[in-house]
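Notes for the one structure printed next.
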Amino acid sequence: PDVEDVLNLDEMEEVASKKVSRKAWAYYFSASDDLASKTFNNTVYRQILLRPRVFVDCTRCNTATALLQGRHRVGVPFFVAPAAMARLAHPDGEAGIARACARFGAAQLISNNASQTPEQIVAGAVPGQVFGWQLYVQNDRRKSEAMLARVNALDAVKFVVLTLDAPVPGKREHDEREARKVGAKPPAPSSVQGGGSTSTTTPEPATAAAPSNPDADAQQGRAEPQGAAVGKTLFAGTAADLTWEPTLAWLAEHTSLPIVLKGVQTHEDAYLVACHAPQVAAVVLSNHGGRALDTAPPALHTLLEIRKFCPEVLERVEVWVDGGVRRGTDVVKALALGAKAVGLGRAPLWGLGAGGTKGVERLFEILKAETETCMRLLGVERVDQLGLKHINARAVERD
Ligand code: FNR
């Protein structure tokens with residue numbers, strides 16, 4: 001089906017699942033253990049009710065907002081969360097996602113393990129387009145330092161996102177299962193950017209050339225890591241020994257960009273993040289799409305915990321959330337709870353897999369229209385008017 005006929009994000013997932021290779025699908029779909037966190041990320045949004053006000057003029061509606069204490073205007077309150085290896089879905093890759101972002105004024109967080117270089121991804125940026133670059137600190141710190149030097153030099157990159165929730169990969173059995181079917185010997189770590197050893201010198205990682213048709217598995221065998229699950233391969237070389245002070249001090253030496261910490265899942269850690277403002281400008285509450293620790297809480301639970309135990313955190317750092325966002329109503333609920341922006345991990349990969357750059361544009365078009373419809377029916381014109389009075393989260397708070 002044509003992406004123009006796709007009506008919602010679940011349908012986009014369905015279309016993409018039939019177009020991308022089985023190995024790519026296993027990697028994108030997979031989450032840890034029993035997929036409990038992945039599932040809960042999604043269902044938690046259904047437990048929160050909206051409280052529409054009637055007899056309100058809803059002719060006007062504006063989804064625009066600003067990130068990082070008002071510094072960066074964006075056209076929509078959702079952003080592309082960092083996700084590795086977009087070219088497994090479609091040759092347009094992360095640069096294709098960037099073109100779609102340009103059209104909608106969406107911010108894009110570029111993965112440490114992207115299948116194109118940061119330079120390639122931002123090459124077509126329009127004025128004002130906002131990118132962040134996500135870092136997995138490598139055991140060999142010099143590799144991460146070299147990457148930081150490169151992104152520091154790119155005007156379009158406005159902040160660095162340090163991901164904390166996956167010092168080791170979760171046990172992702174779909175990914176493992178698919179790797180066993182392929183059954184060849186594991187790839188050299190240098191064949192992917194995440195292994196780190198070629199990330200500063202090789203413009204196109206060996207894994208990048210993924211065709212987007214379902215019969216392409218054999219052909220892809222040439223281009224993809226074989227015998228090892230994609231996720232595990234990408235984590236080779238990632239540091240597992242990071243702690244607060246030494247890591248943030250090291251980061252301050254190598255970038256003056258604002259820092260966003262991603263993967264916070266408790267109010268205690270959110271409080272520690274706030275203690276590091278303003279070097280840390282924002283925090284992404286996230287359980288990594290359920291791909292790290294299974295049964296870790298959805299971001300909305302963590303946000304409710306923060307509201308209960310240390311609401312002052314929301315004053316000191318900007319809070320973003322991700323995981324399970326599939327509808328405009330989800331976006332609105334997260335904002336009403338106090339998130340400034342909402343990340344999409346898998347969804348842009350579905351758009352890309354379903355129809356390349358056009359598929360991602362269609363995805364954003366759907367989500368933006370749904371967000372507008374929700375705001376209008378709530379009786380809200382601007383996203384900064386959203387607040388607790390627009391939701392009833394009692395069913396979640398009870399847990
Ligand atoms: C991710 N995620 C991720 N996060 C990160 O910080 N660096 C990365 O390289 C990746 N890679 C990655 C690959 C794939 C295929 C997925 C699905 C996810 C996690 C991502 O940023 C985000 O936290 C979740 O995907 C959000 O959940 P949803 O939107 O996928 O439900």
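Remark: pairs (first residue in the range 67-95, at positive phi; second residue assigned to a helix (DSSP H, G or I) and charged (D, E, K, R); Cβ separation under 7 Å; 6+ apart in sequence or on different chains) = GLY93/ARG87.
Whenever a residue of the range 315-335 is closer than 17 Å to ILE259 by Cα and without any contact (Cβ under 8 Å) to a residue 12 or more places away in the chain, its partners that are among the aliphatic types (A, V, I, L, M) and assigned to a helix (DSSP H, G or I), lying with C-beta atoms within less than 9 angstrom and at least six residues away or across chains, give the pairs GLU315/ALA274. Does VAL15 meet the test of being away from the ligand (no atom under 12 Å from the Cβ), among the β-branched types (Val, Ile, Thr) and either in a helix (DSSP H, G or I) or closer than 17 Å to LYS358 by Cα (or both)? Against the criterion (away from the ligand (no atom under 12 Å from the Cβ), among the β-branched types (Val, Ile, Thr) and either in a helix (DSSP H, G or I) or closer than 17 Å to LYS358 by Cα (or both)), VAL15 qualifies. For beta carbons closer than 7 Å, sequence separation of 6+ or different chains, a first residue in the range 349-362 that is farther than 15 Å from GLN108 by Cα and a second that is among the charged types (D, E, K, R) and not in a helix (DSSP H, G or I), the qualifying pairs are GLY356/ASP92. For the range 1-31, the tally of residues that are polar (S, T, N, Q) and farther than 18 Å from LEU344 by Cα stands at 1. Candidates are the residues of the range 298-314 that are in contact (Cβ under 8 Å) with a residue 40 or more places away in the chain and part of a helix (DSSP H, G or I); the one that is nearest to LEU272 (Cα to Cα) is VAL313.
Among the listed residues ARG73, ARG46, ARG87, which satisfies the condition of being within 16 Å of the ligand (Cβ to nearest atom), outside any loop (DSSP other than H, G, I, E, B) and surrounded by fewer than 24 Cβ atoms within 10 Å (Cβ to Cβ)?
Matching residue, one of ARG73, ARG46, ARG87: ARG46.
If you go through the range 27-38 and keep only what is more than 10 Å from the ligand (Cβ to nearest atom) and part of a helix (DSSP H, G or I), you end up with just ALA36.
Residue under question is THR329, and the condition is that it be of a type in the set (Val, Ile, Thr), part of a helix (DSSP H, G or I) and at pLDDT 95 or above; does it hold? Yes: the conditions hold for THR329.
Checked against (1) away from the ligand (no atom under 12 Å from the Cβ); (2) buried (at least 24 other Cβ atoms within 10 Å of the Cβ), ALA336 meets all criteria but (2). Within the range 153-180, being in contact with a strand residue (DSSP E or B) (Cβ under 9 Å, 6 or more places away or on another chain) and more than 16 Å from the ligand (Cβ to nearest atom) holds for LEU154, ALA156, LYS158. Every condition in (1) within 16 Å of the ligand (Cβ to nearest atom); (2) under 18 Å from the mean Cα position of the chain (by Cα); (3) not in a strand (DSSP E or B) holds for GLY132 except the one numbered (3). Only a single criterion out of (1) out of contact with any helix residue (DSSP H, G or I) (no Cβ under 9 Å at 6 or more places or on another chain); (2) closer than 16 Å to PRO82 by Cα is not satisfied by GLU318, namely (2). Pairing each residue of the range 264-286 that is among the hydroxyl-bearing types (Ser, Thr, Tyr) and buried (at least 20 other Cβ atoms within 10 Å of the Cβ) with any residue that is at pLDDT 95 or above and assigned to a helix (DSSP H, G or I), provided the two are 6+ apart or on different chains, yields C-beta distances under 9 Å for SER286/ALA299; SER286/THR302. For the range 212-259, the set of residues classified as outside any loop (DSSP other than H, G, I, E, B), modelled with pLDDT of 95 or more and more than 14 Å from the ligand (Cβ to nearest atom) consists of TRP244, GLU245, PRO246, THR247, LEU248, ALA249, TRP250, LEU251, ALA252, GLU253, HIS254, listed by residue number.
The values are calculated or read from the model by the stated rules, or taken from the named source; none is laboratory data. As the structure is a computational prediction, the values presented were derived from the model and not from experiment. Please note: Cβ atoms are built from the backbone with ideal geometry, for glycine as well, and neighbour counts cover all protein chains shown.
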